Each structure stands twice: as C-alpha cells, then as structure tokens.
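Take a look at the structure below.
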Amino acid sequence: MSLVLHAPRPRPGHSQLLDWDTHELTNVARQLAAPDVVIKPRELHLAFNWGILRSRNFSRFRKLKTAHAGYSERKMPAMSRSSTMASARTISMTLSADVSVLITHPVRRETTYIVWGAIMAVDSISANVPPRKVLVKIAVDEEGGEDLREDARLHDNLAERGLTGYYGIFTDSIGSTALVIDDFDDELRDLETPTPTS
C-alpha cells in the first residue's frame, strides 16, 4: 500500500510545514507517485514452512468464481466512497499474475477452517512488486469450504465498493479450499520471500 499524507492547509502558525527540505519533499513525491498495485491472482501456488509441515513444492490452486447473489442493499450497509478513498490522489495499477504463498505459522483455528499467516509474492520477476503479508484461511472440511465461499461473496461485494486487500478464493485438484486476504494486523515478522520451484 502506498503512503497517504493528510496534510492540513497552511494556516498561520503552521508555516513549519512549508519548511521541508529537498530530501523530504523528494521522498514524499516519490511515494505519492508510486502506483498502488492491486494484485488479482490468476493462480495460487501454496507451500508450508512451519513445524512438520514443510512442503517440497508449491501446490497449484485455481481461482474460483463467486456469485454475488444473496447480498442485497439491506444486508450490506451502504458505504460512501469518501470513507474508503484516500484524500490524497494515488495512482492505482491492477496486476493479473500468478502468486506464490509461503505459509509460515498458524494464527487461529475456527470450527471449519484454520487461519494461517503467510508471505505472498508475485511469480513474475518483471512485475517488481514487493512481497506482502497475507492471511490464508484453509477449510478443514466441506462445510468449511462453504463457509469460505460465503466469506468470499462478502469480500467480493466489499471489493466492488472500493475496499482492497482481498485476493480471492482458490481450490486445488483434491478439493481443498483457500481464501487469501491482506494481513492488516501485521501477524508476521521478518520472513523470507517465497520462490516457486520448477
């Protein structure tokens, strides 16, 4: 996510805001000019690196499509764009690419799924997008898969209203279901970037 500055208008007594040196102004300009990249994964390559769960390769998950049926305006409270948009203008860029996710630790267990902390990286080296901290919800049974599909419909609805941080719901060849969202609570520490194996 890009840096967003909420600077007040210059007023009497706030003249120190105008005294930033060239280095500070250059850094702010660079961060404001940097595009906010929205990642839309086509495929998810998932691996574990925690305890006895150490993958040799990345498993391949394909993206599921979710139906928006079931969410009406009464069920989903309306949000104004001003509550979800930054006051500073940022340029956003959408990147559709395969991503690799390395699961590093459990966060919590729910009744039908487990939430894991992970690092996500775009597989394309040319994309030049830094790794992101994400949470991966993995269903433990078919009921968990349905719970995650319902969660995905809610996230899709919020994404249409301008909220970001949701990457999609995915399934693998044996029917495992995983949902990926940004780790806004910063559950992770400094960890290595995942790299796909050939």
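Output the number of residues of segment 90-130 satisfying the condition of being crowded, with 19+ Cβ neighbours inside 10 Å and within 18 Å of the chain's Cα centre (by Cα).
Matching residues across segment 90-130 total 13.
Within segment 146-172, how many residues turn out to be under 12 Å from LEU64 (Cα atoms) and not in a helix (DSSP H, G or I)?
6
We did not get these values from a lab; they are worked out from the coordinates using the rules stated. Since this is a predicted model, take the numbers as computed values, not measurements. No Cβ is skipped: glycine too gets one built from the backbone with ideal geometry, and neighbour counts run over all protein chains shown.
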